[in-house]
Structures are given as structure tokens and as C-alpha cells.
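This report concerns only the one structure given below.
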Amino acid sequence: MVSTETATLGSVSLRFYDTSARQVRDFIPLNEGCASLYLCGATVQAPPHIGHIRSGVNFDILRRWLEHQGYQVTLCRNVTDIDDKIINVAKAEGVQWWEVSERNQRAFTSAYDTLGCLPPTVEPRATGHIPEMVELMQRLIDSGHAYAADDGSGDVYFDVRSFPDYGALSNQRIDQMRGAADTEDDRGKRDPRDFALWKGARPGEPNWDTPWGRGRPGWHLECSAMATKYLGAEFDIHGGGLDLVFPHHENEIAQSRAAGDGFARYWLHNGLLTMGGEKMSKSLGNSLLIPEMVRKVRPVELRYYLAQAHYRSIIDYSDEALRESAAAYQRIENFLGRAVEVVGTVEAAPGVPTAFAAALDDDLGVSQALATVHGHVRDGNSALADGSKERVAEIAARLRAMLGVLGLDPLSEQWSGTEQSGLRDVVDALVAVALEQRQAARARKDYAAADEIRDRLTAAGVAVEDTPQGPRWELRRG
């Protein structure tokens with residue numbers, strides 16, 4: 001039996017694993033009652049696969065939990081809308097670079113929405129923040145941490161040896177690093193490891209004017225400029241995938257702190273999503289795009305699959321694991337559906353169980369939190385069997401509170417409203433007709449016809465259960 005204790009907001013210390021410290025640290029916000037979060041978003045050269053969206057789901061749960069704890073959250077999630085890969089795709093297709101960026105940004109937005117991610121507070125594009133990047137480069141050049149190439153190319157580089165802590169985030173030493181692979185050659189570099197802040201204009205490529213010549217942003221510069229514009233010179237949390245630790249986040253730290261900004265106080269990184277042990281990517285031909293995935297399972301079941309493992313763990317994708325995850329979510333959903341049938345409307349409880357809160361407070365332990373959820377489902381099913389309506393109502397209310405924090409509440413407007421609700425009404429009416437025909441067949445003792453109706457419903461994914469109150473049904477998906 002699960003505990004009925006309810007957590008008080010802020011009663012347990014919130015702790016996160018900070019990549020920069022390589023340990024779990026208590027979360028102490030820069031400003032009391034507020035939490036500022038920068039999340040590295042999409043580089044929009046292609047539509048998103050589930051590996052991309054895992055990060056969105058993980059940090060959406062972090063944002064929801066912070067808000068549940070009473071924090072006022074500002075979430076900035078950027079869009080990299082100019083990049084070598086984007087330019088190369090545009091050239092291959094014979095279209096403008098911005099056409100590639102625009103269509104894929106819409107695909108990312110659709111994917112985030114499909115999986116129930118709350119919209120960010122602000123979602124800036126790199127190309128909309130060129131003045132901020134120029135200002136940051138000027139500060140770095142003036143302080144001796146960056147230089148314009150003396151070959152007239154328009155390139156601007158960060159001098160990694162000018163920043164003593166370079167390599168601290170990824171736990172590397174400069175002398176053991178390879179040269180930065182962010183330019184086609186090392187034109188104008190003083191050291192191969194110096195990275196590009198600005199790339200001088202090349203024929204046929206988009207470019208913007210700067211005091212050092214026309215060109216376009218380096219990948220790393222844009223995030224430092226956008227993060228500090230919207231969150232300030234110092235902010236609470238910087239998030240992203242584990243594959244961004246080096247060089248991207250390492251370079252963000254170097255250029256921001258060399259310019260005198262405190263920048264991020266905590267660094268959180270989600271694990272990768274692999275398939276057959278390999279990183280999911282277009283180059284490996286194993287990416288699973290969101291529209292394809294939501295034909296296999298419903299969006300809420302896909303969200304459950306991406307959320308269930310600890311955010312720092314690796315998920316190795318398989319269809320079997322996806323089906324098992326969907327079945328686990330359906331057990332939660334089925335209990336809540338039966339609870340509503342028994343007790344009527346169920347509102348979410350004002351608080352969540354202490355075990356659930358403790359799990360999320362301890363480095364966002366969603367897998368442990370879901371153990372509490374499933375414990376409540378088991379107790380709820382027992383209460384249904386015992387006919388204890390009051391207990392069913394209490395358990396269902398606590399479940400809705402927990403699932404709301406995770407963005408997984410099947411009774412929420414996100415997952416039960418509009419199109420899904422309308423479809424359920426249509427299916428309900430059709431199944432009711434079939435069940436009436438089955439009851440009529442049983443009444444005239446034509447049991448063969450009654451069994452055939454039930455078998456055909458089962459084959460269609462509709463499970464029928466005969467109860468003292470009459471037949472009830474539910475969908476068996478997957």
C-alpha cells in the first residue's frame with residue numbers, strides 16, 4: 001500500500017547533478033522564487049527524430065516541477081537557423097537557406113506540441129540576434145580573448161589559451177585536444193584549437209556586416225548572446241544533450257566568462273537516445289521521426305516512453321520497449337477511466353505524495369516517481385474491486401496531481417480534449433451498438449452470435465468486461 005502523505009511545496013531540498021561540478025548539488029536559485037533556464041534547442045537542418053525531442057520532454061518535466069514547487073520559471077529555448085548543415089541542405093535542394101530553416105522549425109514546434117511540451121517563455125532565432133553577437137565579439141577582442149584573422153577573411157576566433165579554465169566542463173586539457181573542426185581550414189588561426197566566433201563570407205552564402213567584415217555566426221557564439229540577452233549575464237540552469245558538452249557548451253562557458261559574464265550556475269545534460277547501441281542520427285539512417293512514431297503509439301504514450309528513464313541515462317530504442325511502455329501507460333489510464341465511471345468527476349489533488357516529490361527533488365528521478373504512480377494504480381484497482389468509492393476518489397485525485405506534473409494526465413485537456421475526445425465519443429457510440437446487439441443475442445440464447453460479436457470487438461482492439469452493472473469496454477492498444 002502506498003503512503004498517503006502529501007508533500008508541502010519546497011519542503012524537500014531540490015538537487016541536480018551539475019556536469020560542471022561532477023556531483024549532485026542543492027539548487028539555490030540566483031533570485032529567490034525564480035528559476036531561469038536556457039535550453040539548447042534545434043539546429044533546423046532537418047525535421048526532428050525522437051532523440052531530439054527527448055531533450056524537450058526531459059526539460060519540460062523539469063520546468064513543470066519547478067513551477068509546481070512555486071518557482072516563476074523563465075525558459076529560453078533557442079533555434080539555430082543558420083549553420084553549415086542548413087546551407088548544405090539548401091544547396092543540395094536548390095532552395096534558399098531560410099526555406100530549409102523555416103520548414104524544419106515548424107516541424108520541431110509541431111513535435112514539441114504533439115508530445116505535450118509547454119511552449120518556452122521565449123524562443124529566439126540566431127539570425128535575429130546579430131547585433132548582440134557583434135557586441136560580444138567586440139568585448140572579447142577588447143579584453144584580449146579573441147582576434148580577427150589578419151588574412152582579411154573576416155573570420156573571428158576565440159583564443160582558447162587565453163582562458164585558463166578551458167576544458168574544465170568536459171574535463172580535458174588543452175594540450176590533449178584536437179583542432180577545432182568548425183571551419184573548413186585553419187585560415188588565419190593562431191592555434192588549431194581556437195574556435196570560430198564569426199565565419200567570413202563565402203560566395204553564395206548568407207552574410208551580415210560586422211566591423212571585421214561580412215560573414216555569419218559561429219555556432220557557439222549565438223547561444224551566449226541569446227542566453228544573456230533574455231536571462232541576464234548570470235542565470236540558473238543551462239540544459240542540453242550530453243553530446244553538447246564538448247565543444248559547444250565548453251565554448252559557451254569560455255566566451256561568456258572571458259567576457260566577464262557569470263553565465264550558467266548549473267549545467268544539466270540529458271543522456272542520448274540510441275538504436276542498436278549507436279547514436280541516433282541522419283547519417284546512420286536510423287532516425288525515427290515524430291510523425292512516424294505517433295503512428296505506432298499515441299503521442300502521450302511516446303511522451304511516457306521518453307520520460308520514464310532517468311534523464312541522464314541512455315535509452316536504446318526498440319519497438320518492443322516502446323510497446324511495453326505504452327502498455328504501462330494504458331494501465332494508468334484504464335484505472336483513471338474506471339475511477340471516473342465509479343465516482344464521477346475527479347479533480348487533481350492540491351499536492352503530490354511525499355515519495356513522488358522526493359524522487360523528483362533528487363535529480364529529477366522520474367523513474368522513481370513513476371514507481372509511486374504505479375503503486376497508486378495497484379491500490380486503486382484494489383479499491384475498485386472492494387467497492388470503496390471514497391478510496392478510489394482519493395487515489396485518483398493524487399494520481400492526477402502526479403501525472404499533471406509529468407505532463408501525462410490522461411484526463412487533462414491536452415490528452416482528452418478536442419479531437420481525441422470527439423473520436424472517443426464516436427467509438428463509444430459504435431461499440432454501444434455492438435454491445436446492444438450482443439445483449440440481444442444473449443437474451444434470445446444465441447450464444448454463438450454473442451461470442452462472435454465479442455470476438456470481433458476483441459480483434460478490433462476493444463476489450464469487453466461483463467460486470468454486475470453491465471458490460472464495459474476499453475481499448476487494448478499495441
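The values are calculated or read from the model by the stated rules, or taken from the named source; none is laboratory data. Predicted model only: the values in this text are computed from it and were never measured. Ideal geometry is used to build each Cβ from the backbone, glycine not excepted, and the neighbour counts take in all protein chains shown. Ligands, DNA and RNA are stripped out before the accessible areas are found, and what is left, the full protein with its side chains, is counted by its heavy atoms. Shrake-Rupley method; radii C 1.70, N 1.55, O 1.52, S 1.80 Å.
One residue stands out among those in the stretch 201-253 that are part of a loop (DSSP other than H, G, I, E, B) and polar (S, T, N, Q): the one that is least open to solvent (accessible area, probe 1.4 Å), which is Thr210. Within the stretch 328-351, the set of residues being open to solvent by 40 Å² or more (accessible area, probe 1.4 Å) and hydrophobic (A, V, I, L, M, F, W, C) comprises Val340, Val342, Val343, Ala348.
For (1) outside any loop (DSSP other than H, G, I, E, B); (2) open to solvent by 30 Å² or more (accessible area, probe 1.4 Å); (3) in contact with a strand residue (DSSP E or B) (Cβ under 8 Å, 6 or more places away or on another chain); (4) within 18 Å of Leu244 (Cα to Cα), each residue gets a yes or a no:
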| position | (1), (2), (3), (4) |
| --- | --- |
| Gly154 | no, no, yes, no |
| Tyr157 | yes, no, yes, no |
| Asn171 | no, yes, no, yes |
| Gly179 | no, yes, no, yes |
| Trp198 | yes, no, yes, no |
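Restricting the stretch 13-71 to residues that are assigned to a loop (DSSP other than H, G, I, E, B) and of a type in the set (A, V, I, L, M) leaves a set whose member that is surrounded by the most Cβ atoms within 10 Å (Cβ to Cβ) is Val44. Note on the stretch 49-97: among residues that are hydroxyl-bearing (Ser, Thr, Tyr) and in contact (Cβ under 8 Å) with a residue 60 or more places away in the chain, the one that is nearest to Leu37 (Cα to Cα) is Thr74. Name the single residue, out of those in the stretch 104-133 being of a type in the set (Ser, Thr, Tyr) and more than 14 Å from Ala42 (Cα to Cα), that is farthest from the chain's Cα centre (by Cα). Applying the filter and picking the extreme gives Thr121.
Conditions tested, residue by residue: (1) assigned to a loop (DSSP other than H, G, I, E, B); (2) among the basic types (Lys, Arg); (3) touching a residue at least 60 places away in the same chain (Cβ under 8 Å); (4) open to solvent by 30 Å² or more (accessible area, probe 1.4 Å).
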{"residue": "Glu99", "(1), (2), (3), (4)": "no, no, no, yes"}
{"residue": "Gln105", "(1), (2), (3), (4)": "no, no, yes, no"}
{"residue": "Tyr147", "(1), (2), (3), (4)": "no, no, no, no"}
{"residue": "Arg161", "(1), (2), (3), (4)": "no, yes, no, yes"}
{"residue": "Arg193", "(1), (2), (3), (4)": "yes, yes, no, yes"}
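On the given criteria, is Gly276 surrounded by fewer than 24 Cβ atoms within 10 Å (Cβ to Cβ) and of a type in the set (Gly, Ala, Ser)? Yes: the conditions hold for Gly276.
Rundown of residues vs (1) among the polar types (S, T, N, Q); (2) closer than 21 Å to Asp155 by Cβ; (3) in contact with a Gly (Cβ under 6 Å, 6 or more places away or on another chain), yes/no style:
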site	(1), (2), (3)
Pro203	no, yes, no
Gly215	no, yes, yes
Glu250	no, yes, no
Leu268	no, no, yes
Ser281	yes, no, no
Pro291	no, no, no
Pro299	no, no, no
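As a summary of the residue check, Val294 satisfies the conditions (1) under 30 Å from Asp18 (Cβ atoms); (2) of a type in the set (A, V, I, L, M, F, W, C); (3) out of contact with any strand residue (DSSP E or B) (no Cβ under 7 Å at 6 or more places or on another chain); (4) surrounded by fewer than 23 Cβ atoms within 10 Å (Cβ to Cβ) except for the one numbered (1).
Of the helices (runs of 4 or more DSSP H) lying entirely inside the stretch 328-447, those carrying at least 3 residues that are modelled with pLDDT of 95 or more and of a type in the set (S, T, N, Q) are 366-386. Looking across Pro119, Pro131, one residue alone is out of contact with any strand residue (DSSP E or B) (no Cβ under 6 Å at 6 or more places or on another chain) and not in a helix (DSSP H, G or I). It is Pro119. Each residue in the stretch 116-145 was checked for being within 30 Å of Gly407 (Cα to Cα), crowded, with 20+ Cβ neighbours inside 10 Å and either free of Cβ contacts under 8 Å to residues at least 40 places away in the same chain or of a type in the set (A, V, I, L, M) (or both), and 1 of them qualify. Select from the stretch 72-97 the residues that are open to solvent by 50 Å² or more (accessible area, probe 1.4 Å) and assigned to a helix (DSSP H, G or I) and write down the one among them that is nearest to Ala201 (Cα to Cα). Only one residue tops the list, namely Asp84.
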